[in-house]
1. Looking at the structure I just gave you, is Glu11 touching a residue at least 60 places away in the same chain (Cβ under 8 Å) and surrounded by fewer than 17 Cβ atoms within 10 Å (Cβ to Cβ)?
2. Mind counting the residues in the stretch 290-335 that are in contact with a Pro (Cβ under 7 Å, 6 or more places away or on another chain) and either part of a helix (DSSP H, G or I) or of a type outside the set (Gly, Ala, Ser) (or both)?
3. Based on what the data block shows, is Asp79 under 24 Å from Tyr124 (Cα atoms), surrounded by fewer than 17 Cβ atoms within 10 Å (Cβ to Cβ) and outside the structural domain of Tyr138 (by TED's automatic domain parsing)?
4. Restricting to the stretch 306-322, name every residue that is surrounded by 16 or more Cβ atoms within 10 Å (Cβ to Cβ) and at pLDDT below 95.
5. Would you check if Val56 is among the β-branched types (Val, Ile, Thr) and under 19 Å from Val106 (Cβ atoms)?
6. Where residues in the stretch 265-302 are among the β-branched types (Val, Ile, Thr) and at pLDDT 95 or above, which of them is farthest from Leu171 (Cα to Cα)?
7. Given the structure, is Ser77 closer than 25 Å to Arg136 by Cα, part of a strand (DSSP E or B), in contact with a His (Cβ under 7 Å, 6 or more places away or on another chain) and of a type in the set (Gly, Ala, Ser)?
Amino acid sequence: MKTFGIQLVAELHGCSPTLLNDVSRLESILSQGIEKCGLHEVAIKSHKFDPIGVTVISIISESHVALHTYPEAHHVSVDIFHCSDDSAPLFELLNVLKVQLKAASVKFMEVARGSKLEFVEDNYITSPASYGFEVRYYFTKRLVSRVSKYHRIEVVENENFGRMLFLDGDLQIAEKDVHLYNEAMVAPLRQAAKLDRVAILGGGDGGVLNEVLKLKPGRVALVDIDGEVIEVAKEFLPTVCGDAFQRRNVEVVVGDANDFLERESGFDGVVYDLTMDPELLTNKDKYQFMHDLFAKIHRSMNPGGILSMQCCSQHDTRTLGVVKEVLSAFFAETTFRTVF
């Protein structure tokens, strides 16, 4: 016999503290919710703790449902499990509990059980990394989820960071701290003697472009290979890009930065704002990609021009080593700074 099931683990915040300490009401809410959702209760058992808090466990023919309350924190932990691959009744029951317990917010995880054990995380995004750890981001609402020719594009809302843009699961920007990134990227250009022409390579979210425009440059070209990222930014990230894409001195080029640099030159400033691993869109390794691209960047710049770039995470020592080696081959003076 195959072993399988779905477990829904949830935390309900902002609930009624009176309800959370009332054994009979909790039993009634749970039993009625189970029946409403088409599940079948076999038995129910409760225990009231001294001085406060309740645990309620319902045995259902499909498996079990458990509640443990923290009235003083307006919080209840929920565990719903059944031996089926249909999660619909579990989510229906969770919604009943949210309404009946007057919860202000809910966080949950869906876990596939049985021969496998894995999270099914509808309201989390995991940003993978190759240097020993991953970062998981919780979101309250998914605004965009689409696949372009080049990326999986996602925009979500997070209660602390606001709207967040992910490309292929990798966080690009978040509303709350995007200004720190943009200011750091553009700050070196303030030292330029003139900024008649500026090129931004990547940066389809428009944040760096918006910051560059504060320096009152002559002309700015933004080059991004994925036009859909730009369109998503215009619609869903106006606090990041502002009206930057509509400014008269801005040229938006949807295309490959390599192709652009082969035909354009005369830049007083270049901002490298590509994704962390742009070579994955090519058949080159990281070193060859960087070497070829920075050779073109160097040729495209006026004497005295300034290049600003984000290199990598401080934990990605391999990429940092490649960048340092490549830059030293084309630029006499380079400065590295850890920003955040």
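The values are calculated or read from the model by the stated rules, or taken from the named source; none is laboratory data. Not measured: the values here are computed from a predicted model. A quick note on method: Cβ atoms are made from the backbone with ideal geometry, for glycine too, and the neighbour counts reach across all protein chains shown.
1. yes
2. 1
3. yes
4. Gln310, Cys311, Cys312, Asp316, Thr319, Val322
5. It is true that Val56 is among the β-branched types (Val, Ile, Thr) and under 19 Å from Val106 (Cβ atoms).
6. Ile297
7. Against the criterion (closer than 25 Å to Arg136 by Cα, part of a strand (DSSP E or B), in contact with a His (Cβ under 7 Å, 6 or more places away or on another chain) and of a type in the set (Gly, Ala, Ser)), Ser77 qualifies.
Condition check ((1) within 29 Å of the chain's Cα centre (by Cα); (2) more than 21 Å from Gly114 (Cβ to Cβ)) across all residues:
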| residue | (1), (2) |
| --- | --- |
| Asp22 | no, yes |
| Leu39 | no, no |
| Ala43 | no, yes |
| His47 | no, yes |
| Glu62 | no, no |
| Val65 | no, no |
| Ser77 | yes, yes |
| Asp85 | yes, no |
| Phe91 | yes, no |
